[in-house]
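Report on the structure given below.
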Amino acid sequence: MLEQKINETFGDEDPTGFGTGWWSGVLSAFFGLLAFGAVVCLHFPQLLTSPELRPYYPMYLIRLLIQVAVVGAIILGVVSAMLRRKKLLALTGMLFALGATLLGGASVQISEPLHNGPAIGLDWFLLDLLLMTLIFSPIEVLWPAYPKQSVFRSEWLTDIVYFLSTHLPIQITSFLILLPATQLTAILNISSVTETVGRLPWLVQFFFAVLVADLAEYWIHRAFHVVPWLWRFHAIHHSSKALDWIAGSRSHLVDDIVVRAFILIPMMLVFPHDINVAYLLFVTIQATWTHCNFGPNVKWLEPFLVLPRYHHWHHTSQKEAIDKNFAIHFPWVDRMFGTYHLPDGDKWPDTYGLDNEKIPDGFWRQFFYPFSRKKPASAG
Ligand SMILES: [Zn+2]
Ligand SMILES: [Zn+2]
């Protein structure tokens, strides 16, 4: 398997704490790859950047980021090479940084006029990966709920592929999600509702938007658990045996599209555009965060807002919590419908994943799994 090969090629038996050259090596490779990918995007912007995002790029900032990534990859690579016996990680980071520089680095100019043709969202993948890694990886390393769990735990590569799979075809997925929503709102044409709602204070609107979304999400999520043929899609999301921020992106394309469309349709009927955009931002950050391997807890807030421990109980394979905690924003929505489960104290689940169902390994096998003809097992 590729993941095993990567782990064996770049890993070693030496300790991985701070000061061992491990983290500087990992970061050097990470920044090197980012810089290289970004420079390739500058060379082929028509093919590799999302037309939806292009107008929003502050190019001087992007170019500055590329420069920082190149310099960062080289400095961290040097540090790692001095500290660690095995120098492959450091060398990889420095080589990618060198490659990015040889290709023109941050100063590559975009000369062709860009049009809204089909494109791959490599820019979106690189940017979001950088952003999410910057936000979530430090808190997972500093304050983990499961200190023994490694960043490169088993199946980490599968989840990176999932992250890729939702970012590269951003044009197709956003089209598939927005099409039913825009069609329905056009047919129903109740603009008076959005106008009335739009007059409320912004925070009140936002709170109601999160509530409407969570109620819609609750029922579609519950349906994905109890309807056997839907469960086969959602089982993929529950197949992770350890949770961290990247595990949250493991989700079958059908699951993703149906859930998003189901949430966006009622929202687009009721709320103005800026509220829906703010909600999308909020849900991306909260949903990623609640999958984090992040231990600290705010006791008094737990019954009101979904925190990592709450969603972790949704992912356990322990009998007492099966088909519980469907809400992704407000735990009291689960309380209202009788599916709330949160043990007292600071108890976290002992096991994750599926208890009575075997899901194949790897992105493509998991993609075809729900379509294969096999008697579905019960939810877990
Ligand atoms: Zn679920
Ligand atoms: Zn989840």
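A few comments on the model shown:
- Every pair of residues 6+ apart whose Cβ atoms lie under 7 Å, when the first sits in the range 273-300 and is of a type in the set (Gly, Ala, Ser) and open to solvent by 30 Å² or more (accessible area, probe 1.4 Å) while the second is within 13 Å of ligand 2 (Cβ to nearest atom) and not in a loop (DSSP other than H, G, I, E, B): 287/248
- Residue pairs whose Cβ atoms lie under 8 Å apart, sitting 6 or more positions apart in sequence or on different chains, and linking a residue in the range 38-64 that is part of a helix (DSSP H, G or I) to a partner that is open to solvent by 40 Å² or more (accessible area, probe 1.4 Å) and among the acidic types (Asp, Glu), are 45/112; 46/112.
- Considering the range 127-230, the qualifying helices (runs of 4 or more DSSP H), each wholly inside and each with 2 or more residues that are of a type in the set (Asp, Glu) and within 16 Å of ligand 2 (Cβ to nearest atom), run over 202-226.
- Selection count, the range 288-318, where residues are in a loop (DSSP other than H, G, I, E, B), under 16 Å from residue 245 (Cβ atoms) and either among the aromatic types (Phe, Trp, Tyr) or within 14 Å of ligand 1 (Cβ to nearest atom) (or both): 4
- Just one of the listed residues (211, 230) is within 14 Å of residue 256 (Cα to Cα) and either modelled with pLDDT of 85 or more or open to solvent by 80 Å² or more (accessible area, probe 1.4 Å) (or both), namely 230.
- Check on residue 197, farther than 30 Å from residue 271 by Cβ, open to solvent by 20 Å² or more (accessible area, probe 1.4 Å) and away from ligand 1 (no atom under 16 Å from the Cβ): no
- Checked against the criterion of being under 19 Å from residue 67 (Cα atoms) and surrounded by 13 or more Cβ atoms within 10 Å (Cβ to Cβ), the range 134-149 has no qualifying residue.
- Given (1) under 20 Å from residue 133 (Cβ atoms); (2) buried (at least 17 other Cβ atoms within 10 Å of the Cβ); (3) of a type in the set (Ser, Thr, Tyr), number of the condition residue 316 does not satisfy: (1)
- Residue within the range 159-167 that is open to solvent by 30 Å² or more (accessible area, probe 1.4 Å) and free of Cβ contacts under 8 Å to residues at least 24 places away in the same chain present: no
- Considering 265, 246, the condition of being away from ligand 1 (no atom under 16 Å from the Cβ), modelled with pLDDT of 90 or more and assigned to a helix (DSSP H, G or I) is satisfied by 246 alone.
- Taken as a whole, the range 107-126 holds at least one residue that is in contact with a helix residue (DSSP H, G or I) (Cβ under 8 Å, 6 or more places away or on another chain), in a helix (DSSP H, G or I), under 27 Å from residue 288 (Cα atoms) and among the charged types (D, E, K, R).
- None of 105, 72 is at positive phi and either among the acidic types (Asp, Glu) or in contact (Cβ under 8 Å) with a residue 24 or more places away in the chain (or both) except 105.
- Scanning the range 249-262 for residues that are within 11 Å of ligand 2 (Cβ to nearest atom), part of a loop (DSSP other than H, G, I, E, B) and not small (Gly, Ala, Ser) yields a single hit, 250.
- Index of the failed condition, residue 18 passing every other in (1) open to solvent by 40 Å² or more (accessible area, probe 1.4 Å); (2) in a helix (DSSP H, G or I): (2)
- Every residue from the range 319-341 that is open to solvent by 30 Å² or more (accessible area, probe 1.4 Å), part of a loop (DSSP other than H, G, I, E, B) and away from ligand 1 (no atom under 11 Å from the Cβ): 337, 338, 340, 341
The values are calculated or read from the model by the stated rules, or taken from the named source; none is laboratory data. Bear in mind the structure is a predicted one, so any value in this text is a computation, not a measurement. Note: ideal-geometry Cβ built from the backbone for every residue, glycine included; neighbour counts use all protein chains shown. Accessible surface is based on the protein model in full, side chains and every heavy atom, while ligands, DNA and RNA are left aside. Shrake-Rupley method; radii C 1.70, N 1.55, O 1.52, S 1.80 Å.
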